[in-house]
1. Scan region 17-35 for residues that are buried (at least 22 other Cβ atoms within 10 Å of the Cβ), in contact (Cβ under 8 Å) with a residue 60 or more places away in the chain and within 16 Å of the chain's Cα centre (by Cα) and report the count.
2. Taking the conditions exactly as written (more than 15 Å from the ligand (Cβ to nearest atom) and over 27 Å from Ile9 (Cβ atoms)), does Arg149 satisfy them or not?
3. Residue under question is Leu238, and the condition is that it be open to solvent by less than 20 Å² (accessible area, probe 1.4 Å) and either at pLDDT below 95 or more than 16 Å from the ligand (Cβ to nearest atom) (or both); does it hold?
4. Please note which strands (runs of 3 or more DSSP E) are completely contained in region 112-217 and include at least 3 residues that are closer than 20 Å to Met234 by Cβ.
5. When you scan region 90-116, how many residues do you find that are away from the ligand (no atom under 16 Å from the Cβ), closer than 28 Å to Lys197 by Cα and open to solvent by less than 30 Å² (accessible area, probe 1.4 Å)?
6. Evaluate region 196-211: report whether one residue or more is crowded, with 22+ Cβ neighbours inside 10 Å, more than 9 Å from the ligand (Cβ to nearest atom) and under 20 Å from the mean Cα position of the chain (by Cα).
7. Residue pairs, Cβ under 6 Å, 6 or more apart or interchain, first in region 231-251 and more than 20 Å from Tyr182 (Cβ to Cβ), second assigned to a loop (DSSP other than H, G, I, E, B). List them.
8. Quick one: count up the residues across region 1-20 that are assigned to a helix (DSSP H, G or I) and over 16 Å from His60 (Cβ atoms).
Amino acid sequence: MTCALLTGITGQDGSYLTELLLGRGYTVHGIVRRSSTIQRTRLDHLFADKDVYNRRLFLHYADLDDVTTIRRILSKTEPDELYHLAGQSHVGVSFEIPETTCQFTAMGTLKLLEIVRDLEKQPRMLHISSSEIFGRPDESPQNERTPMRPVTPYGIAKTFATQMVTFYRESFNLFACNAICYNHESSRRGESFVTRKITRAAAAIALGKQKDLALGSLDGRRDWGYAPEYVEAMWKMLQQQVASDFVLATGTSHSVEEFLAAAFEAVNLDWRDHVVQDERYMRPSEVSRLVGDPSKANRDLGWTAETTLPQLARLMVESDLASLKSKESIADS
Ligand code: GDP
């Protein structure tokens, strides 16, 4: 049975990837941060499944900077594939906590590479990189050869981690690769990211539970795709003969305003009646012109992002509507 180890298993991508791997017959081990509150709602359905939890799905506690424990977990579980998805992943928050961002996102990756370098049985390793490494690029769309010019603490940390992965691949012969992911969203996206914040608000406003939505700049443009499709590409990357980096993107960018319009349209509302601008959500520095060129992934992985922005906005709004309604019916019963 193929065995995979995931960091960041409780996150959006970690939960979709776990489902994908279990569905393909893998044993899955996940590393989770120890904290006093349990934040694993995205995996609850798997924990409840007695045929899965502690049979084919196992959790281990370790912080990303706890090298000894992570080494022990890797030596014990001997995974064939290692998906490194963990890190401080919020760009806006990275301006407030740059040191923590670098400690986990940059140094956490280097520490993991060092552990893997010393292992007798070395797993194939995937690092989830980000379009943020390109920052304000000269060329658009960006591909795997576009120079990195990050402009946010998160982007800078990811650039360090991405270049380290390439360095370990080229210098120490590790099967290690970067999935250079553009924004990818879903109903499991964290609530502080703009897409989910918008779809939750659209649903709540439609149900009469909320009046307004406070946002920062609406001008930013992103290449937004659907997360379950991206974890499929990550898996495909580790099935290749040769390790290499891939841009995972839709190839089309949209503004925050366009996403807003699509989300509110899904509940027949006009976003202009509800959105207020709030300084608190403005960032000291913004990326620009980020749109990915996924040709290499199309060609070598046979992968294409299929879900369009209006479809994405609609499916997220519908999921938020359903969960708000089910909370309502629990409260009423
Ligand atoms: P990321 O920064 O690309 O990882 O994704 P986000 O979803 O956090 O932000 C996407 C864009 O939405 C950025 O240009 C933000 O400045 C903009 N934005 C506007 N208002 C908000 C807000 O209230 N929260 C967040 N997270 N982003 C916002």
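1. Residues meeting the conditions: 1.
2. Against the criterion (more than 15 Å from the ligand (Cβ to nearest atom) and over 27 Å from Ile9 (Cβ atoms)), Arg149 qualifies.
3. So Leu238 passes the test.
4. Correct list: 124-130, 176-181.
5. Residues meeting the conditions: 1.
6. Yes, that holds for at least one residue.
7. Pairs that qualify, where the first residue is more than 20 Å from Tyr182 (Cβ to Cβ) and the partner is assigned to a loop (DSSP other than H, G, I, E, B), are Ala243/Phe175.
8. Count: 7.
The values are calculated or read from the model by the stated rules, or taken from the named source; none is laboratory data. It should be emphasised that the depicted structure is a prediction, and the values quoted were computed from it without experimental measurement. All Cβ positions, even for glycine, are placed from backbone atoms using ideal geometry, and neighbour counts span all protein chains on display. For accessibility, only protein heavy atoms count, side chains too; no ligands or nucleic acids. Shrake-Rupley method; radii C 1.70, N 1.55, O 1.52, S 1.80 Å.
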